Amino acid sequence: SYPERSEFTRVGYDNRRGGMLLTDHLIRTGCKRIAFVGIPEVSTAVANRLAGYHEAHHVHGMIADPCLIHEADEVDLTEPFCQRLIEQCQPDAIIGKMDRYTAIIGRHLMSMGYEIGRNIKLAGFDDDPIAELLPVPLTTIRLPIQAFAQMSYAALLRRIEDPSADIGQIIIDTELVIRGSTTGVV
């Protein structure tokens, strides 16, 4: 757990920056009540995404309403969950901890009559292949796998050459991919 580190090389994504980029994008599109759905205690990545979410609010002089942060597992993402989220929190945007979460939420919202990208914006993380295949393509944070694989391989080779080498951690940047779920353009 953060701030502890393993003795082994860690290769990871800059999830905090990803959370910041995604939330900043939504704020710049006019969103003021952005919900975050995920379980930060289960994953360092999700905890960092949530930290970026808070940081973006802070940079814009906003405070995220605690009502907007929902710890939910995938099995919790039901239509009644989505109805409660909308009724109790009145978000104008929802960020899921990953694209799959957001796709499930989006499916329920559409069945409830919401127009994704128009009267509610959705975004996620991972740039899962499903993201651009949804009825309204999903804005997401892309985690570049090629860079991850190359850096992991290079770190492994350095460690093989010198088993005592302290490589520490390698952080791979993320990329904001804007699609119809936050622009209203399908």
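The values are calculated or read from the model by the stated rules, or taken from the named source; none is laboratory data. It should be emphasised that the depicted structure is a prediction, and the values quoted were computed from it without experimental measurement. Here Cβ is always computed from backbone atoms with ideal geometry, including for glycine, and neighbour counts include all displayed protein chains. Areas reflect the complete protein model, heavy atoms only, side chains present, ligands, DNA and RNA absent. Shrake-Rupley method; radii C 1.70, N 1.55, O 1.52, S 1.80 Å.
Points to keep in mind about this one:
- Test for Leu122: is it under 12 Å from Ser181 (Cβ atoms), in contact (Cβ under 8 Å) with a residue 12 or more places away in the chain and not basic (Lys, Arg): yes
- Listed conditions (1) β-branched (Val, Ile, Thr); (2) loosely packed, with under 13 Cβ neighbours inside 10 Å; (3) at pLDDT below 95 are all met by Ile39, apart from (2).
- Candidate set from segment 150-185 (those that are open to solvent by less than 100 Å² (accessible area, probe 1.4 Å) and of a type in the set (D, E, K, R)); member that is nearest to the chain's Cα centre (by Cα): Glu175
Per-residue answers, yes or no, for (1) small (Gly, Ala, Ser); (2) closer than 22 Å to Gln146 by Cβ; (3) touching a His at 6+ places or on another chain (Cβ under 8 Å):
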{"residue": "Asn15", "(1), (2), (3)": "no, yes, no"}
{"residue": "Ala45", "(1), (2), (3)": "yes, yes, no"}
{"residue": "His60", "(1), (2), (3)": "no, no, no"}
{"residue": "Ala64", "(1), (2), (3)": "yes, no, yes"}
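- Odd one out for Thr9, checked against (1) modelled with pLDDT of 95 or more; (2) open to solvent by 40 Å² or more (accessible area, probe 1.4 Å); (3) over 17 Å from Glu175 (Cβ atoms): (1)
- Selection within segment 90-106 - of a type outside the set (S, T, N, Q) and surrounded by fewer than 17 Cβ atoms within 10 Å (Cβ to Cβ): Asp92
- Leu109 in contact with a Cys (Cβ under 9 Å, 6 or more places away or on another chain), on the phi < 0 side of the Ramachandran plot and open to solvent by less than 10 Å² (accessible area, probe 1.4 Å): yes
- From the list Glu87, Glu4, the one residue that fits, being outside any helix (DSSP H, G or I) and surrounded by fewer than 21 Cβ atoms within 10 Å (Cβ to Cβ), is Glu4.
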